[in-house]
Amino acid sequence: MWLYSTNSVDLPEYHPEPQVPLMSILRTSLLVSASGTALVLLAACAPPSAGPSSGGDAGAPDEIRLGYFPNFTHAPAIIALENGYLEEELGDVALAPTTFNAGPAAVEALFSEAVDMTFIGPNPTITGFVRSDGDAIRVVAGAASGGAALVVREGIDDVDDLDGTVLATPQLGNTQDVALRFWLRENGLSSTLEGGGDVSVVPQENATTLQAFVGGQIDGAWVPEPWVTRLVAEGGGRVLVDEASLWPDGRFVVTNLVSSRDFLERYPATVSAVIRAELRALDFITSDPDSAKAVVNDHLEELTGSALDPTYLDEAWENVEFTVDPLVETLLASAEHATAVGLLDEADLDGLYALDPLNDVLQGRGDSPVALP
């Protein structure tokens, strides 16, 4: 039987003092979020040392500790858990799920061996890999693509109308923050990390953003679903930029499945079992989307105490693609965008992906493998 806990791992959080230079903080730890929830700033922490590796399959562990976020973009994880796919695929290996509300917290949990694998956004993936000098984290599969946009108030019709406005993002340096700042830069508008420039970018929690937008305190926000749908429905906003329009084929990674390098090397068969469970969840999403949405919404209500309005969920769900493809090129491009806007030093991401387990499972199902660029 799997062991279930709805509590996040209790890890120390680092809150920088005001006198710490902002750029130094950001270069130490790029803040990230796939879910759009508020993230904590974890910086000035030494990268973890590499643990011993068996160099091959050591059989099966007694337990696997698996992380995910209480967000519908983590639907493959939620469905694999709720429908029993993980329990069935893992067999005698006990499952201990743990929820996170912050990408950096999930990275720290991997570093401290509090979790073995986790569903997580692209920017914490990059951060963890860079901070550990490429040693700690491997991407083993994708999970979700798309579902982010710039929503603005009435009267803003094009990019020229944004000069002098205030726009929100979920967190300084997170996935949507990088996307907004890079898009502004490409369109000739400046935004400083301190909130200055042609456009003032204000990082804040998504729930706060909705309230501020409804109250007229901000002019718009670059946010993930379901907040895009809620800003339009509850705040009377309009989508100025659908982020999908900025990517080839409209696809860009918002959630990955990652493993610690040591766990992957010790227990590749267990990693493959988790991937098989995720693929079964994706099959369920495709074959019965209404039931899939109900499973996810019920689970989120259990975790957070509130369910998403079914109408909003239906609309938001249509803007997200659930896929096992990690969309490698889009993560690499996101890292380049973060570097371009001063949020990340140039980084070598060679070795980040370990897709052999995924491709073995795909080929076993008769599906095409995922190729690295």
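The values are calculated or read from the model by the stated rules, or taken from the named source; none is laboratory data. Keep in mind that what you see is a predicted model, and the values were worked out from it rather than measured. All Cβ positions, even for glycine, are placed from backbone atoms using ideal geometry, and neighbour counts span all protein chains on display. The accessibility values were calculated without ligands, DNA or RNA, using every heavy atom of the protein model including side chains. Shrake-Rupley method; radii C 1.70, N 1.55, O 1.52, S 1.80 Å.
Here segment 230-373 has an Rg and Dmax of 18.0, 52 Å, counting Cα atoms alone. Each label was represented as a point 7 Å from its Cα along the Cα-to-Cβ direction; for GLU336 and GLU186 these points are 1.1 nm apart. One decimal place: the segment ALA294-ASP345 gains 14.2 nm when fully extended, by the rule 0.36 nm per residue minus the C-alpha distance. Protein heavy-atom surface of segment 137-257, 1.4 angstrom probe: 43% of the accessible area is carbon and sulfur, with nucleic acids and ligands not counted.
Take segment 52-198 with all the other protein chains still there, run a 1.4 Å probe, and you get 30 Å² of accessible area per residue. Residue ranges 338-349, 97-108, 300-311 sort as 97-108, 338-349, 300-311 when ordered by packing (mean number of other C-beta atoms within 10 Å per residue, highest first).
Summed over the residues of segment 252-373 and divided among them, the accessible surface reaches 43 Å² per residue at a probe radius of 1.4 Å. For GLU63 and THR311, what does the FRET efficiency come to when R0 = 41 Å and r is the distance between their Cβ atoms, rounded to the nearest 0.05? Working from the Cβ atoms, E equals 0.55. Qualifying chymotrypsin sites (Phe, Trp or Tyr not before Pro) in segment 283-339, where qualification requires a DSSP coil assignment and no more than 12 other C-beta atoms within 10 Å, are lacking entirely.
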